[in-house]
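Enquirer: Quick one: this structure, given as structure tokens, is what I'll be asking you about.
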Amino acid sequence: MAGTSDHEKPPKKPSRQQVYTLLVEVGRSPGDGLPKGASGAGLLCYASGVDEAEAVRETAAILKQAEMAPLDVTGYGTISEREEQGHEVSPEERELMERALTENSVIVAQMTPFYGEKKAPLQ
């Protein structure tokens, strides 16, 4: 019969996932897609995770899959933590954060190439 089932899905549990704002410094590696002459870049990322440590691990793993060389990650917290610190969060940022949460993904929102001294990648 249409509309009835003994195998109804249980109500969806609220997600424990949150979105964290991360600034990731990457060095050079073959195939990274960074501009010629750049020694690396800073990537502003919005990453979902149950905590900031998970968001950092997932972001580093995804960047490595993209042939990038993560060097350092600075976490700026969740949107509410940022607002408590007095950060202004634009509607565009909120939209990207919502997308990261909905897709359970890492969004690279901005890339700023660096020119100068090279550093060794994180292991």
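Enquirer: Being within 10 Å of Thr21 (Cα to Cα), hydrophobic (A, V, I, L, M, F, W, C) and assigned to a helix (DSSP H, G or I), is that true of even one residue in the range 82-100?
Expert: Yes, there is a match, as at least one residue in the range 82-100 is within 10 Å of Thr21 (Cα to Cα), hydrophobic (A, V, I, L, M, F, W, C) and assigned to a helix (DSSP H, G or I).
Enquirer: Which one is surrounded by the fewest Cβ atoms within 10 Å (Cβ to Cβ) among residues in the range 22-48 that are among the hydroxyl-bearing types (Ser, Thr, Tyr) and in contact with a helix residue (DSSP H, G or I) (Cβ under 6 Å, 6 or more places away or on another chain)?
Expert: Taking the range 22-48 and keeping what is among the hydroxyl-bearing types (Ser, Thr, Tyr), we get 29, 39, 46, 48.
This time we only want the ones that are in contact with a helix residue (DSSP H, G or I) (Cβ under 6 Å, 6 or more places away or on another chain), so: 46, 48.
Working: Tyr46: 25, Ser48: 23.
This residue is Ser48.
Enquirer: Across the range 82-107, which residue is nearest to Gly33 (Cα to Cα) among those that are among the basic types (Lys, Arg) and surrounded by fewer than 16 Cβ atoms within 10 Å (Cβ to Cβ)?
Expert: If we take residues in the range 82-107 being among the basic types (Lys, Arg) and surrounded by fewer than 16 Cβ atoms within 10 Å (Cβ to Cβ), then Arg99 is nearest to Gly33 (Cα to Cα).
Enquirer: With the requirement that a residue be under 19 Å from Gly116 (Cα atoms) and either modelled with pLDDT under 85 or small (Gly, Ala, Ser) (or both), what does the range 1-30 give you?
Expert: Result: Gly27, Ser29.
Enquirer: Looking only at the range 49-81, filter to residues that are among the small types (Gly, Ala, Ser) and not in a helix (DSSP H, G or I); which one of those is surrounded by the fewest Cβ atoms within 10 Å (Cβ to Cβ)? Reasoning before the result, please.
Expert: If we filter the range 49-81 for residues that are among the small types (Gly, Ala, Ser), which is where we start, we get 49, 53, 55, 60-61, 66, 69, 75, 77, 80.
Those still in the list that are not in a helix (DSSP H, G or I) too: 49, 66, 69, 75, 77.
Working: Gly49: 21, Ala66: 14, Ala69: 20, Gly75: 17, Gly77: 17.
The residue in question is Ala66.
The values are calculated or read from the model by the stated rules, or taken from the named source; none is laboratory data. Just so it is clear, the structure is predicted and the values come from calculations on it, not from any experiment. All Cβ positions, glycine included, derive from the backbone under ideal geometry; neighbour counts span all protein chains shown.
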